[in-house]
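Colleague: Below are the structure tokens for one structure; questions will follow.
The values are calculated or read from the model by the stated rules, or taken from the named source; none is laboratory data. Because the structure is a prediction, the values reported are computed rather than measured. Every residue, glycine as well, gets a Cβ built from its backbone with ideal geometry; the counts of neighbours run over all protein chains shown. The accessibility values were calculated without ligands, DNA or RNA, using every heavy atom of the protein model including side chains. Shrake-Rupley method; radii C 1.70, N 1.55, O 1.52, S 1.80 Å.
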Amino acid sequence: MEKTTIKISNLLRAGCCQEIEKQLKKNPYIKEANVGFVTESVTVVYDEQKINEQEIRELISDCGYQHVEKDEKPRMKHGKMSWWQRFKMNMAMTMDAEHGGDQAMMKSMEDSVRNRFIFSLILTIIIVLYSPLAINFLGLKLPSLIPVSWLLFILTTPVVVYGGWLFLYGSYRSLRNRVLNMSVLITIGVSAAYLFSVGLTVLGSQDTYYEAAAMLVTFVLFGHWLEMKSRRGTSEALRALFNLVPPKARVMRGNQEILLPTSEIKKEDIIVLKPGDKVPVDGEIIEGETLIDESLITGESMPLSKKVGDGVIGGSINQSGSVRFRATKIGKDTVLAQIVSLVEEAQNSKAPGQRLADKAAQYLVILAITAGLITFVIWYFILGNPLLLALTFAISVVVIACPDALGLATPTAVAVGTGLGAKHNILIKNAATLEQTAKIKAIVLDKTGTLTEGKPKITDVVAAPGFSENELIMFDAATEKKSNHPLSIAVLEEAKMRDIAIPDDIRNFEALAGHGVKATVEGKEVLVGTRKLMEKYNVNLEAVQLEFSRLLNEGKTLMIVAISGRVAGIIAAQDPIKPNAKRAVEYFNSLGIETAMITGDNQKTAEAVGRVLGIKRVFAEVLPEDKADY
């Protein structure tokens, strides 16, 4: 079995997904097919010895949908689209034949649905005010220059034709593909109410159902608009992941360093990384040492020391030194591409409730029509009532029996949930996951960037005898002025807050990967870094030893400062806990959810954060790849 994901460019409603799935599953060599409305793609599991990917694309085209080739240009089965296909595409709001995942096009489609909804809503309010509903329940009778039934006909027609076209066209395509879905249900309800009302209007009756048709179109359009907003919001969040990869990279060709598009990088290419560069692809360092920010994968704000033989991840950021690395994974094989692919694939799944609703829709269409026919037979043939009365009861049954709320409830709830999530940078893996949240018994929270702010701040400044706090900050800030390490930024912010002037006489700056920095400030050699760096330059730490141990036990990150070979003091930093973190943990506890914390940080730091937040179960020094096991 082989698995592939194919982009589809003209998915207009969630109901389109069911049509494609049913057609693909008819093929005996396709084991599984899941279409995602949010990702605009279909994930197919198939027997590669019996059917190939191109044949699957042909099946998608047979359903009336456009598949997107790998060059991201939609293709129709028979080459260029005919004028009729273009007309249908335009009426269905796809606007043009560009890739449907394009943000501008998705925004255009969303705006079109919104405009149809607002247009329909305004007319529907007027229709309701003139309808029998207003007369019978509100006692409201508005004046009209023409018969009310004809006025309602004039107002309702554009709502049904313009506002409801999306579902009318969708049901036509569904029936053509022999699929009974929510679009068919909605169309039956709208058409029955509208066409019967037109017939009553022609016969001169004032008791019409125009308001039912208009309200149904408006409600469904509102749900569809939410659905569109959800799709675009989630798509933008996924696109932000793709944007982590730089468009170009410095690649060695022979002995020459040239700038190439990232898409042209090949396996085994040698790539040059300079401070501030983003890593274009996955690889292994072959020359140099540096610090790399891998927070996109680990969530940890502190950069990791990298040396020869260590791996680098595409999308991460080189913080300090210049290095060369060999490309080991490119394109879809990179870690970042696989993350995006997994999220897209997962989003193609459906919530169990939605699967049930989709399955029920097929039978409820038949049930609604059957109930209407039985009603007509009983009232006209058996009870001998007039034709108009029998038709009135039959149409009433069809309109009421079509469970349009069933088609709106789950998709709307999922749309609102995923839309709000995307707005707050939360990617919800799939609809089933959203449904399962009600069953959560325990939650594991990452520390950095989740419970804490993800950016270290200075908490303590301890000056050794003969030095002042401000002097310590001044020399440290001057030394780290050219570094973009998070700790360096924290020191510079502290200097700014204390209004300390940073001297310009800075020479011989050197970043010592994994240990600290070194520079000459106003003629004095300044070292800032770890205990190992001080030991390397024979700096005696006895004057600050007690404070060093105390701050270390508190789980803080320490920067030792030495000036002209003598220890000047310690600057301690800590990733501050978010103001609302404790309240969030207490809220989880009130819901009966056990809360645990997991982090790649050291044990002492993790335990200190856990104590403040009241989290008893703390997992520290855990590698990113091991977190799921916990």
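Colleague: Out of all the residues in region 21-38, which are open to solvent by 10 Å² or more (accessible area, probe 1.4 Å), within 26 Å of the chain's Cα centre (by Cα) and touching a residue at least 24 places away in the same chain (Cβ under 8 Å)?
Modeller: Asn34, Phe37, Val38
Colleague: Same structure, new question: Do we have Leu558 as more than 17 Å from Val444 (Cα to Cα) and open to solvent by less than 10 Å² (accessible area, probe 1.4 Å) here?
Modeller: no
Colleague: Is at least one residue of region 483-498 touching a residue at least 60 places away in the same chain (Cβ under 8 Å), open to solvent by 40 Å² or more (accessible area, probe 1.4 Å) and over 20 Å from Val539 (Cα atoms)?
Modeller: Yes, some residue in region 483-498 is touching a residue at least 60 places away in the same chain (Cβ under 8 Å), open to solvent by 40 Å² or more (accessible area, probe 1.4 Å) and over 20 Å from Val539 (Cα atoms).
Colleague: Of the residues that make up region 132-146, is at least one open to solvent by 20 Å² or more (accessible area, probe 1.4 Å), out of contact with any helix residue (DSSP H, G or I) (no Cβ under 7 Å at 6 or more places or on another chain) and among the hydroxyl-bearing types (Ser, Thr, Tyr)?
Modeller: The answer is no, given that none of the residues of region 132-146 is open to solvent by 20 Å² or more (accessible area, probe 1.4 Å), out of contact with any helix residue (DSSP H, G or I) (no Cβ under 7 Å at 6 or more places or on another chain) and among the hydroxyl-bearing types (Ser, Thr, Tyr).
Colleague: So, one more: Any idea which of (1) basic (Lys, Arg); (2) modelled with pLDDT under 80; (3) exposed (fewer than 15 other Cβ atoms within 10 Å of the Cβ); (4) assigned to a loop (DSSP other than H, G, I, E, B) is the one Arg86 doesn't satisfy?
Modeller: (4)
Colleague: State all residues of region 472-482 that are open to solvent by 20 Å² or more (accessible area, probe 1.4 Å) and modelled with pLDDT under 90; if no residue qualifies, say none.
Modeller: Lys481, Lys482
Colleague: So which residues in region 528-541 are touching a strand residue (DSSP E or B) at 6+ places or on another chain (Cβ under 8 Å) and open to solvent by 80 Å² or more (accessible area, probe 1.4 Å), if there are any at all?
Modeller: Arg531, Asn540
Colleague: Quick check on region 293-320: of everything there that is modelled with pLDDT under 85 and assigned to a loop (DSSP other than H, G, I, E, B), which residue is most open to solvent (accessible area, probe 1.4 Å)?
Modeller: Ranking the qualifying residues of region 293-320, first place goes to Met302.
Residue-by-condition table, conditions (1) of a type in the set (Ser, Thr, Tyr); (2) at pLDDT 90 or above; (3) in contact with a strand residue (DSSP E or B) (Cβ under 6 Å, 6 or more places away or on another chain):
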{"site": "Gln574", "(1), (2), (3)": "no, no, yes"}
{"site": "Ala584", "(1), (2), (3)": "no, yes, no"}
{"site": "Phe588", "(1), (2), (3)": "no, yes, yes"}
{"site": "Gln603", "(1), (2), (3)": "no, no, no"}
{"site": "Gly610", "(1), (2), (3)": "no, yes, yes"}
{"site": "Ile615", "(1), (2), (3)": "no, yes, yes"}
{"site": "Val618", "(1), (2), (3)": "no, yes, yes"}
{"site": "Glu621", "(1), (2), (3)": "no, no, no"}
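Colleague: Take Arg173 and decide whether it is assigned to a loop (DSSP other than H, G, I, E, B) and modelled with pLDDT under 80.
Modeller: Taking the combined requirement at face value, the residue does not satisfy it.
Colleague: What is the residue count in region 114-156 for residues that are in contact (Cβ under 8 Å) with a residue 12 or more places away in the chain and among the β-branched types (Val, Ile, Thr)?
Modeller: Total meeting the criteria: 6.
Colleague: In region 452-471, which residues are touching a residue at least 24 places away in the same chain (Cβ under 8 Å) and open to solvent by less than 60 Å² (accessible area, probe 1.4 Å)?
Modeller: Within region 452-471, Thr452, Gly454, Pro456, Ile458, Asp460, Val461, Val462, Ala463, Ala464, Phe467, Glu471 meet the criteria.
Colleague: Okay, moving on. Please find, among Val190, Val198, Val179, the residue that is open to solvent by less than 70 Å² (accessible area, probe 1.4 Å), outside any helix (DSSP H, G or I) and closer than 23 Å to Leu373 by Cα.
Modeller: Within the list Val190, Val198, Val179, the selection yields Val179.
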